[in-house]
Amino acid sequence: MTEEHDAAYRAFTARQYGVRAADYVSSTVHAGGADLDEIERAVAGRGLARVLDLGCGGGHVSYRAAPHVGQVVACDVTPDMLDAVARTAIERGLDNIVTQRAAAESLPFTDAAFDAVLCRFTAHHWRDIDAGLREARRVLKPDGLAIVVDVTAPADPLCDSWLQTLELLRDVSHARDYSVAEWTAAFGRAGFALQGVTPRRLRMEFASWVARARTPTERIDAIRSLQRAAPEIVAARFALEDDGSFLLDTTSFTVT
């Protein structure tokens, strides 16, 4: 894919999320969780000077990390997200958060610029996971810490297909949810050493899930139609509820 196509895709993603910035700052799903607690514990008390929040979205990793480190750089492709993060940081008295617009696959930082790279619920939007992870490894100090949290796809091909379809109908900027095996292989290709894997399940309340993405009515109807038609193995795998709510697998990866 050419640089022109890369730029077009980044602009497409930014447009999708620009109007949703405030929704992601206020999202209870994104603002809390055991994975966020894990990230805060990992950076607390380590004397880290500079940390990258890669694909910061609503900035919740930045807000948690900022009290424990010298500086957090909140990085995202969406200007409106960065504006929302900057405003919220000021409101919370977190004056050590700075923002930077950039794509994960092409970071404007020098080699070994960060003591830690933190990345939560964003990689499923990356056009090129290998390029993004290579960049993360490049800007991380050789002895630095990286924690990546994302939705993870089932290993079973049938359930994987259903998950990717529902995700894309809900949000057209969705690229792919990767399986744990795919993530493990990608970390290795990027030069990371996998230190820890923590699986979790996260309930998605259907109404807020589609409202946060501002999913059009016709695609909401399509999602509900697919859910009602789902075979038992799919319904059980995602613990589908009558109102469309369901469980997602998420995984926290600690790498160095």
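Some notes on this structure:
- Among the protein heavy atoms of segment 80-219, carbon and sulfur supply 52% of the accessible surface, probe 1.4 Å, non-protein parts ignored.
- Once the chain from Asp242 to Arg138 is taken as fully extended at 0.36 nm per residue, the excess over their C-alpha distance is 32.9 nm.
- DSSP-defined antiparallel bridges as percent of all bridges, the chain, nearest 5: 45 percent
- For segment 33-175, accessible area per residue (1.4 Å probe, heavy atoms of protein chains only), Å²: 37 Å²
- Cα extents of segment 48-198 along the three principal axes, largest first (Å): 47, 34, 26
- Amide H within-cut-off set for Thr99, under 5 Å, with H built and near neighbours excluded: Ala74
The values are calculated or read from the model by the stated rules, or taken from the named source; none is laboratory data. This one's a predicted model, so the numbers in the text were calculated from it and none came from an experiment. All accessible areas refer to the heavy atoms of the entire protein, side chains included, with ligands and DNA or RNA removed. Shrake-Rupley method; radii C 1.70, N 1.55, O 1.52, S 1.80 Å.
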